Every structure is written in C-alpha cells, then in structure tokens.
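> I have a structure here, written as structure tokens, and I will follow up with some questions on it.
The values are calculated or read from the model by the stated rules, or taken from the named source; none is laboratory data. Computed from a prediction, not measured in an experiment: that's the story for all the values here. Reconstructed Cβ throughout: ideal geometry from the backbone, glycine too, with neighbour counts over all protein chains shown.
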Amino acid sequence: MLESFKKIKEERLLPRGFTNNLPPLAVLALSRKDAAKALSISLPTLDRLVSRGLLRPARGCRKPTFSVRELERYLEMAASFKPAVKEVA
C-alpha cells in the first residue's frame with residue numbers, strides 16, 4: 001500500500017518519461033530564526049536591526065523572510081562601518 005502511494009505521488013509530481021536530474025534549488029530566503037543564525041546574532045538583535053531599518057525583510061508571506069541578497073547587503077554595509085572616535089582631552 002505504501003509503495004503504491006509513493007508511486008502515485010511521484011507520477012503526479014513528474015510527467016511520464018521525465019527524470020529529475022536537476023541540481024537542488026539554491027536557498028533564496030531565510031526565516032527570522034535562520035537569518036539570525038546565519039548572521040550569528042540573536043533574534044532580539046535581528047528585530048532591532050529591522051526596527052532601525054538596517055535590515056529589510058520581505059513580507060510577502062505570513063512570516064517575514066530575509067533574502068540572501070539582503071543579508072549580504074547588510075554584511076557589506078556593516079563591514080564598511082567606521083565608528084566615530086572621540087578624542088580624549
């Protein structure tokens with residue numbers, strides 16, 4: 001019974017004679033949790049970055065997702081950030 005179910009499922013997903021030799025899809029967007037993990041920051045820190053406008057999530061779904069390009073853009077911006085240095089008198 002289980003084998004026949006798997007066969008039906010495969011037939012519905014792939015047309016007859018079609019073999020799936022395609023490479024796996026690249027990840028294009030990450031959830032909040034995965035984005036925070038990818039940036040090595042906590043979820044509250046990720047939320048602060050969003051509220052300050054430093055990261056922009058996509059809100060096309062129920063939950064916000066972060067594109068890989070957006071995370072790369074933030075990392076480049078953060079790497080080029082130069083903190084202000086106060087002179088000691």
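> Please verify whether segment 64-74 includes one or more residues that are aromatic (Phe, Trp, Tyr), surrounded by 12 or more Cβ atoms within 10 Å (Cβ to Cβ) and outside any helix (DSSP H, G or I).
Looking through segment 64-74, at least one residue is aromatic (Phe, Trp, Tyr), surrounded by 12 or more Cβ atoms within 10 Å (Cβ to Cβ) and outside any helix (DSSP H, G or I).
> Are any residues in segment 59-77 under 18 Å from LEU43 (Cα atoms) and free of Cβ contacts under 8 Å to residues at least 24 places away in the same chain, and if so, which ones? Walk me through it before giving the result.
First, pick out the residues of segment 59-77 that are under 18 Å from LEU43 (Cα atoms): 59, 62-68, 70-72, 74-75.
Correct list: ARG59, ARG62, GLU70, GLU72.
> Anything in segment 37-58 that is outside any loop (DSSP other than H, G, I, E, B) and either of a type in the set (A, V, I, L, M) or in contact (Cβ under 8 Å) with a residue 24 or more places away in the chain (or both)? List them, or say none.
Once the filter is applied, which keeps residues that are outside any loop (DSSP other than H, G, I, E, B) and either of a type in the set (A, V, I, L, M) or in contact (Cβ under 8 Å) with a residue 24 or more places away in the chain (or both), segment 37-58 yields ALA38, LEU39, LEU43, LEU46, LEU49, VAL50, ALA58.
> Quick one: in segment 1-36, of everything that is of a type in the set (Val, Ile, Thr) and assigned to a loop (DSSP other than H, G, I, E, B), which residue is modelled with the lowest pLDDT?
THR19
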